[in-house]
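Undergrad: To start, I am sharing the structure in question, which I have written as structure tokens.
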Amino acid sequence: MKRAIYPGTFDPITFGHIDIIKRASFIFDEVIVAVVKKPSKNTLFSYTERVSLVKKSIVGIRNVKIEGFSGLVVDFAKRKKIHVIVRGLRMISDFEYEFQMALTNRKLSPQIETIFLMPHPSYSYLSSRLVKEVVFLGGNLKGFLPSFCMDALRRKIKRGKKKKI
């Protein structure tokens, strides 16, 4: 059975993430979308909220599971007996960071491979950071992420703005 892990913060999950998940699900018998419990960067959504949004986003993709993890992704992969990490590459600007991370993971765990998948070109510019910025500035997110994620993001940002006042 060919299995892979697709790790990330998914803060929030976008159509670009979903596209990578679908592509990975065609290649592997099982894909674990591994949601980082305590990322090194601050997240807008809590771990529980991020998992909930990811679960709703992948309904209907038969061979995908959602799990959370803390610590190094290579340690999580070893615990799961998985030897492949899937990462998405949107633009050439992603390559340097992703390449560095893949080489570091290889040094930590030589038995684990990283493979890179490119999203559909219509999602190649899309990032969670960009999506949050667009909604914070009042922009339209149609085509960027599922409507329930868009609604959750708007509610979250609206609450945040009220707290600042």
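The values are calculated or read from the model by the stated rules, or taken from the named source; none is laboratory data. Because the structure is a prediction, the values reported are computed rather than measured. Note: ideal-geometry Cβ built from the backbone for every residue, glycine included; neighbour counts use all protein chains shown. With ligands, DNA and RNA removed, areas are computed over all heavy atoms of the protein, side chains included. Shrake-Rupley method; radii C 1.70, N 1.55, O 1.52, S 1.80 Å.
Undergrad: What percent of all Cα-Cα pairs in the chain falls into each 10 Å bin, going from 0 up to the bin containing the maximum distance?
TA: Cα pair-distance distribution for the chain, in percent: 10, 38, 37, 12, 2, 0.
Undergrad: Give me the percent of accessible area attributable to carbon and sulfur for the chain, probe 1.4 angstrom. Walk me through the intermediate numbers first.
TA: Values: 5430 of 9560 Å².
The value for the chain is 57 percent carbon and sulfur by accessible area.
Undergrad: How high is the relative contact order of the stretch 68-165, given as a whole-number percent (alpha carbon pairs under 8 Å, six or more residues apart)? Can you show the working numbers first?
TA: Working: 70 pairs, mean separation 22.9, N = 98.
Rounded, it is 23 percent for the stretch 68-165.
Undergrad: As a test of reading the structure, rank Met91, Met101, Met1, Met118 by solvent-accessible area (1.4 Å probe, protein chains only), most first.
TA: Met1, Met118, Met91, Met101
Undergrad: What's the Kirkwood radius of the stretch 72-165 in Å, using all Cα pairs?
TA: On the way: mean 1/r = 0.0633 Å⁻¹.
Every distinct Cα pair counted, the radius reaches 15.8 Å.
Undergrad: Per residue, what accessible area does the chain have, given a 1.4 Å probe and all protein chains present, in Å²? Don't skip to the answer; put the middle values down first.
TA: Numbers: 9560 Å² over 165 residues.
Here the per-residue accessible area is 58 Å².
Undergrad: Find, among the trypsin sites (Lys or Arg not before Pro) in the stretch 50-109, those assigned to loop by DSSP (not H, G, I, E, B) with at most 16 other beta-carbon atoms within 10 angstrom.
TA: Values: sites: Arg50, Lys55, Lys56, Arg62, Lys65, Lys78, Arg79, Lys80, Lys81, Arg87, Arg90, Arg106, Lys107; in loops: Arg62, Lys81, Arg90.
Answer in residue order: Arg62, Lys81.
Undergrad: Now, a different point. Not counting ligands, DNA or RNA, and with a 1.4 Å probe, what is Thr114's accessible surface area in Å² rounded to the nearest 10?
TA: 30 Å²
Undergrad: Right, next: Would you please name the chymotrypsin sites (Phe, Trp or Tyr not before Pro) within the stretch 96-165 that are DSSP coil residues with at most 16 other C-beta atoms within 10 Å of their C-beta? Provide the component values of the computation, followed by the final result.
TA: Numbers: sites: Tyr97, Phe99, Phe116, Tyr123, Tyr125, Phe136, Phe144, Phe148; in loops: Tyr125, Phe144.
Loop-located and lightly packed - Tyr125.
Undergrad: May I pose another question? Calculate the FRET efficiency for Ser122 and Ser40 from the Cβ-Cβ distance with a Förster distance of 41 Å, rounded to the nearest 0.05. Don't skip to the end; give the middle numbers.
TA: Working: r = 30 Å, r/R0 = 0.72.
The calculated FRET efficiency here is 0.90.
Undergrad: When the expected Rg is taken as 2.2 N^0.38 Å, what fraction or multiple of it is the alpha-carbon Rg of the stretch 1-83? Mind dumping the intermediate values first?
TA: Values: Rg = 12.1 Å, N = 83, 2.2 N^0.38 = 11.8 Å.
Dividing the Cα Rg of the stretch 1-83 by 2.2 N^0.38 Å gives 1.02.
Undergrad: Report the Cα centroid-to-centroid distance between the stretch 100-115 and the stretch 27-60 in angstrom, as an integer.
TA: With the stretch 100-115 and the stretch 27-60 each reduced to a Cα centre, they are spaced 21 Å.
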